[in-house]
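Structure provided below as C-alpha cells; questions to follow.
The values are calculated or read from the model by the stated rules, or taken from the named source; none is laboratory data. Keep in mind it's a predicted model, so treat the numbers as computed, not measured. Cβ placement follows ideal geometry from the backbone for every residue including glycine, while neighbour counts extend to all protein chains displayed.
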Amino acid sequence: MDLTQSAEWQRLKEHSATIEQSHLNDLFRDDPARQERFAFRNQDLHVDFSKQRIVQETLGLLTDLARANDLEARIKDLFNGEKVNTFENRPALHSALRLPDYRTLDINGSDIVIDVHAQLSKMERLVERLHSAQARGYSGRPIRNVVHIGVGGSDLGPLMTNRALCDYPCPASHPLEVFFVSSMDGSQLSLLLRKLEPSETLFVIASKSFTTLDTLANAETAKDWIMERSNVDERMILQHHFVGISANPDKMTAFGISEDNQLLFWDWVGGRYSMWSCIGFPIALQIGMHRFRDLLAGAHCMDEHFRSAPLESNIPVLMAVIGIWNINFLDIHAHAVLPYDGRLARFPAYLEQLEMESNGKNTTLDLKSVDYATCPIIWGEIGPNAQHAFYQLLHQGTEKVMCDFIAPARRYNDIDDQKGSEVLRKQHILALSNCFAQSRVLAFGDHALSDTGEVPFYKRYHGNQPSTTILLDELTPFALGQLIALYEHKVFTQSVIWRINPFDQWGVELGKVMAGETLSVLHGDNSLAGQMDPSTLALINETLKLQDK
Ligand code: F6P
C-alpha cells in the first residue's frame, strides 16, 4: 500500500489538524511535565524533544507508522549485513567499523570484524611511526606536516572531528600538523604549498573510489610540487611522501602508492559513513589511536542503543519520526543545525552531506516517484554567530524552520591555569545562556518574556518554531561518536519510513559526466559543442575569450 494511503499516515494527518491549532505555549500549559516526558538520555547525551510540536499521542502514532513500515526488521537487516543498499546490491555496514574486536560478523563466509581490526592495526602502526618521528621524507628529515586530500565523505568527517576534538591533542613526542585539502580548483592546496617544506610533508590521498577528479587533481599537483623541489625519483617520492586510503587498492597501486602505504576499507562502507574506517587516519594522528578508539566506542554505544531500545525510547528513532512529523505533517522543510560551541563549526557541513546526500531522493525502493516530501534543506552555523546572521529569519521570517541546538554542558574544567579557566568558563556559560534563550524565544515568542507591555507589531515574535536540544555532558571523543551515530541512525530510520535508499547517490553522477564533456569543450574540442545549450556555450566562449587576454 502507498505510504500516504496507509491507515497510520492518515491517522497522523488527522492528528496534525489538531496540533496545527495549538501553539507551543498551549502544549506547555496543558502538560507542564512535558520536559520530563520528552527528554531522553543515552550515556553522555541528553536529548530534549519537549520544544517540538508534539504530544504523547503524536509519538504513539509516529511509532505506529515506523512499525507499520517494518522499522524493527530493517534495523536488524542493517546490523546483520543484509543488502540494504538495494540499488547497489550491497550492505551498509558502517556499524561494523566500530564493533569491538571480540565480536564477529560473518559476511559471505568471512568475519569482517577481523578485517576491520587488521586495517585499524595497520593504521595504528603508521600513526606510531609518524608520532615517533620514524617516518622520514626523501632527505631523511622526519615528517612534520600531513596533508589529507579528499572530498565529500573522504574529507568532511575527519575535518569536522579534528576541529571538534582540538582540545584532545595526542601527547606525541614528535609534533605533527594536520591539514585538509578538498577544493578542486587548487585554492586550498596552493596556499598550503607556499608554506610547507616538501621534505617534511606527507600527503594522504583519501578516496573510496580513487577515481574522484577533485582528489586526483590535488594529488597530481602535490606530486608535481614535491618532485620539482626534491630532484628525487618518483618511486622514492611516492614511498616516503604518499599514503593512500581507499576501497580500490588497484587504483592506489596504479597511482604508484606501495602496498605498505595503502590503508583499505570496503565497498560496504558508504563514503559519507566512512570516517570510522581508516579514512579517520588524520583523526588518529591528531588525537592518538587510543582516543580514536574512544570515538568508535561512543558510536558503538549508540549502535547498541539503536538496535535494542524499544521504538518509544529509542533516541535516533524518535529524532527521525519527529523530523517526519515536522516535514510531512507540519509542512516544515528547512532544518537549521546550531551548535553552541565553536569546535563544532564543521558539524553542520558534515550533516549536510550525511542527510541530504542520503535522503535527498524522489524515488522509492520499488521504483515509484514519491508523493510526499523527503529530506528537508539542512544548513547551519555556530549558533552565536548565526544569531547575528540568519536568526532574524528564524524569529520573524515567513518560513517555518525546525532547529537542532547542540551544546556541551561542561567545558574548560580541566585547564591548569585557574584564572584562564575561569574567564573561559564564563564565556562558555554565556554561550549556553544564548543557546537556551534562543530556543525559548523560538518556541514561545513574545510569551517567553515576563512583561511584554505594549509592543509594536514589527517587534513581535510569534514563536512556535520547533526545536530539539542535544546536551552533551562534555565534547569528548566518546560523546562525539555518540552524536554522529545518532544522526546516522536518524537518517536510516527516516529512509525506511520514506521507503528510499539512503546509501546511494545517483543524483551526483550526471554532473560528473557533464563536467567531463564540458572540459573537452573548454580544451578546444568542438565536436561536443553542438550538443550544448546556447547559454552554456556562450559562457564557455566568453571564458575562452577572457583567458586569451
Ligand atoms: O560525488 C559524491 C561522492 O561520491 C560522495 O558520495 C563521496 O563521499 C565523495 O564523492 C568522494 O568520493 P570518493 O571517496 O570516492 O573520492
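It is to be established whether one or more residues within the range 504-526 are basic (Lys, Arg), out of contact with any Lys or Arg (no Cβ under 8 Å at 6 or more places or on another chain), outside any loop (DSSP other than H, G, I, E, B) and without any contact (Cβ under 8 Å) to a residue 40 or more places away in the chain.
no
Further, regarding this structure: Would you point out the residue of the range 197-225, among those that are under 22 Å from PRO142 (Cβ atoms) and free of Cβ contacts under 8 Å to residues at least 60 places away in the same chain, that is farthest from the ligand (Cβ to nearest atom)?
Checked the range 197-225; the qualifying residue farthest from the ligand (Cβ to nearest atom) is GLU197.
Now for a different question. Suppose we filter the range 244-269 for residues that are over 22 Å from the mean Cα position of the chain (by Cα), polar (S, T, N, Q) and either assigned to a helix (DSSP H, G or I) or crowded, with 24+ Cβ neighbours inside 10 Å (or both); how many remain?
Number of matching residues: 2.
Within the range 446-453, is there a residue that is out of contact with any Leu (no Cβ under 7 Å at 6 or more places or on another chain), over 30 Å from CYS301 (Cα atoms) and touching a residue at least 60 places away in the same chain (Cβ under 8 Å)?
Checked the range 446-453: at least one residue is out of contact with any Leu (no Cβ under 7 Å at 6 or more places or on another chain), over 30 Å from CYS301 (Cα atoms) and touching a residue at least 60 places away in the same chain (Cβ under 8 Å).
Here's a follow-up. Hey, can you tell me all the residues within the range 527-549 that are outside any helix (DSSP H, G or I) and over 38 Å from the mean Cα position of the chain (by Cα)?
LYS549 - this is the single residue of the range 527-549 that is outside any helix (DSSP H, G or I) and over 38 Å from the mean Cα position of the chain (by Cα).
Select from the range 325-384 the residues that are assigned to a strand (DSSP E or B) and of a type outside the set (A, V, I, L, M, F, W, C) and write down the one among them that is farthest from PRO477 (Cα to Cα).
So, considering only residues that are assigned to a strand (DSSP E or B) and of a type outside the set (A, V, I, L, M, F, W, C), the one farthest from PRO477 (Cα to Cα) is SER369.
Tell me yes or no: at least one residue of the range 374-388 is more than 16 Å from the ligand (Cβ to nearest atom), small (Gly, Ala, Ser) and either out of contact with any strand residue (DSSP E or B) (no Cβ under 9 Å at 6 or more places or on another chain) or farther than 30 Å from TYR458 by Cα (or both).
Scanning the range 374-388, I find no residue that is more than 16 Å from the ligand (Cβ to nearest atom), small (Gly, Ala, Ser) and either out of contact with any strand residue (DSSP E or B) (no Cβ under 9 Å at 6 or more places or on another chain) or farther than 30 Å from TYR458 by Cα (or both), so the answer is no.
Condition check: surrounded by fewer than 22 Cβ atoms within 10 Å (Cβ to Cβ), modelled with pLDDT of 95 or more and in contact with a Cys (Cβ under 7 Å, 6 or more places away or on another chain). Does GLN119 satisfy that?
In short, yes.
Let me ask something else. Of the residues in the range 481-517, how many are within 16 Å of the ligand (Cβ to nearest atom), of a type in the set (Asp, Glu) and surrounded by fewer than 23 Cβ atoms within 10 Å (Cβ to Cβ)?
So the count comes out to 2.
Another question, if that's okay. Here are ARG307, ARG235, ARG272: which of them is surrounded by 23 or more Cβ atoms within 10 Å (Cβ to Cβ), charged (D, E, K, R) and farther than 26 Å from PRO175 by Cα?
ARG272
Checking TYR138 against (1) within 16 Å of the ligand (Cβ to nearest atom); (2) over 30 Å from GLN482 (Cα atoms); (3) in a loop (DSSP other than H, G, I, E, B), which test does it fail?
(1)
Please identify the pairs in which a residue from the range 264-290 that is within 21 Å of LEU351 (Cβ to Cβ) and within 13 Å of the ligand (Cβ to nearest atom) has its Cβ atom under 6 Å from the Cβ atom of a residue that is outside any helix (DSSP H, G or I) and small (Gly, Ala, Ser), counting only partners at least 6 apart or on another chain.
VAL269/SER277; GLY270/ALA92; ILE279/ALA206
Restricting the range 157-170 to residues that are among the hydrophobic types (A, V, I, L, M, F, W, C) and more than 16 Å from the ligand (Cβ to nearest atom), which is surrounded by the fewest Cβ atoms within 10 Å (Cβ to Cβ)?
Selected residue: CYS166.
Provide a single number: the residues in the range 27-44 that are part of a loop (DSSP other than H, G, I, E, B) and more than 30 Å from ARG307 (Cβ to Cβ).
Number satisfying all stated conditions: 2.
Can you tell me how many residues within the range 291-306 are touching a Lys or Arg at 6+ places or on another chain (Cβ under 8 Å) and either hydrophobic (A, V, I, L, M, F, W, C) or within 16 Å of the ligand (Cβ to nearest atom) (or both)?
Residues flagged as touching a Lys or Arg at 6+ places or on another chain (Cβ under 8 Å) and either hydrophobic (A, V, I, L, M, F, W, C) or within 16 Å of the ligand (Cβ to nearest atom) (or both) within the range 291-306 amount to 3.
List every residue pair whose Cβ atoms sit under 7 Å apart, with the two residues 6 or more apart in sequence or on different chains, where the first one lies in the range 237-257 and is closer than 25 Å to MET275 by Cβ and the second, anywhere, is among the acidic types (Asp, Glu) and surrounded by fewer than 20 Cβ atoms within 10 Å (Cβ to Cβ).
Matching pairs, first to second residue: ALA247/ASP267.
With among the polar types (S, T, N, Q), within 13 Å of the ligand (Cβ to nearest atom), touching a strand residue (DSSP E or B) at 6+ places or on another chain (Cβ under 6 Å) and under 22 Å from GLN353 (Cα atoms) as the only criterion, which of SER154, SER182 stands out?
Every option except SER154 fails the conditions.
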